[in-house]
Amino acid sequence: MIIYILWLRQIKRYLRSKSRMIGSLGQPVLFLVALGFGFGPIYTKAGGGNYIQFLAPGIIAMSILFSAIFAGIEVIWDKQFGFLKETLVAPVSRIKIMIGRTIGGATVATLQGLIVFIITLFIGFRPISILGSLFALIVMFLIAMLFTALGTAIASRLEDMQGFQLIMNFLVMPLFFLSGALFPVTGLPETLKVITRIDPLSYGVDALHGFLSGISNFGVGLDLIVLVFLVLIITVIGAWQFSKIEI
């Protein structure tokens, strides 16, 4: 019951905040238009094909990443304004509370990714199949779960929003730029190839490429296995960190 209540609270908070909904779409749309149409002719001349087809899955992953990982800041917000204390004194386990918050944040991030996906259709992106789009929705949720749990785990150990934002900016941008969202990971120097394989977002981006564009470097089977494994591991770590919060 508590998981459902916290999930519903996250959804309502997101739907009520129209400025957050609109503002969070600005960066993905800017990347799609500026990079898609700006570098599109160069990408085509280099023999890469339609750059929008390549770029769109990466931008969808980017929107999910930013929405999901910054959902952790709500933990700090609730700490400062007392809501978290009221939640933690309830006669339910903290693990259930953490899972409810994580699923709620992941649902919001997935909705964000779905909105960006719809926008890409108007810009010119065309998924290879409806079935592939449905599998891509599952991948979106896995990405959202992974990074919502990571954001919650980090926020559980912090007390101020400024510190969280600094850590997230230091973490998020390398995760995004080294994931292959903006450029193909084939043909990279060996060092960068290793880094891209370590980057957890690489497997989400690659899976979205596979299901939406039909191009996968790692194989969608491996991508899904890695994502599910990481979701389980990070959720356990996040639950452990959340359980250590002092009230």
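Annotations for the structure displayed:
- Test for LEU114: is it surrounded by fewer than 15 Cβ atoms within 10 Å (Cβ to Cβ) and either within 27 Å of GLN53 (Cα to Cα) or among the acidic types (Asp, Glu) (or both): no
- Of all residues in the stretch 155-174 being part of a loop (DSSP other than H, G, I, E, B) and not charged (D, E, K, R), the one that is modelled with the lowest pLDDT: LEU158
- Residue list for the stretch 170-188, restricted to those being over 13 Å from the mean Cα position of the chain (by Cα), of a type outside the set (Phe, Trp, Tyr) and either over 19 Å from ILE234 (Cα atoms) or surrounded by 20 or more Cβ atoms within 10 Å (Cβ to Cβ) (or both): LEU178, GLY180, LEU182, PRO184, VAL185, THR186, GLY187, LEU188
- Filter result for VAL228 (of a type in the set (A, V, I, L, M), surrounded by fewer than 21 Cβ atoms within 10 Å (Cβ to Cβ), touching a residue at least 24 places away in the same chain (Cβ under 8 Å) and closer than 27 Å to LYS96 by Cα): yes
- Comparison of THR235, THR196 shows that the only residue that is in contact with a Leu (Cβ under 8 Å, 6 or more places away or on another chain) and either modelled with pLDDT of 85 or more or surrounded by 14 or more Cβ atoms within 10 Å (Cβ to Cβ) (or both) is THR196.
- Residue in the stretch 209-231 that is of a type in the set (D, E, K, R), part of a helix (DSSP H, G or I) and more than 18 Å from the chain's Cα centre (by Cα) present: no
- Qualifying residues in the stretch 117-136 (those that are β-branched (Val, Ile, Thr) and surrounded by fewer than 17 Cβ atoms within 10 Å (Cβ to Cβ)) - the one nearest to the chain's Cα centre (by Cα): ILE118
- Screening LYS85, LYS45 for residues that are among the charged types (D, E, K, R), modelled with pLDDT under 70 and over 22 Å from THR235 (Cβ atoms) leaves exactly one candidate, LYS85.
- Figure legend. Inter-residue proximity from the stretch 106-122: first residues free of Cβ contacts under 8 Å to residues at least 24 places away in the same chain and assigned to a helix (DSSP H, G or I), second residues buried (at least 18 other Cβ atoms within 10 Å of the Cβ) and not small (Gly, Ala, Ser), beta-carbon distance below 6 Å, spacing 6+ or different chains. No pairs are indicated.
- Of the residues making up the stretch 137-165, those that are crowded, with 24+ Cβ neighbours inside 10 Å and touching a Phe, Trp or Tyr at 6+ places or on another chain (Cβ under 7 Å) are VAL139, GLY151, THR152, ALA155.
- The residues of the stretch 175-207 that are in contact with a helix residue (DSSP H, G or I) (Cβ under 6 Å, 6 or more places away or on another chain) and not in a loop (DSSP other than H, G, I, E, B), listed by number, are LEU175, PHE176, THR196, PRO200, LEU201, SER202, TYR203, GLY204, VAL205, ASP206, ALA207.
The values are calculated or read from the model by the stated rules, or taken from the named source; none is laboratory data. Values in this document were obtained by computation on a predicted structure and should not be read as measured data. So basically every Cβ, Gly included, is an ideal-geometry build from the backbone, and we count neighbours across all protein chains shown.
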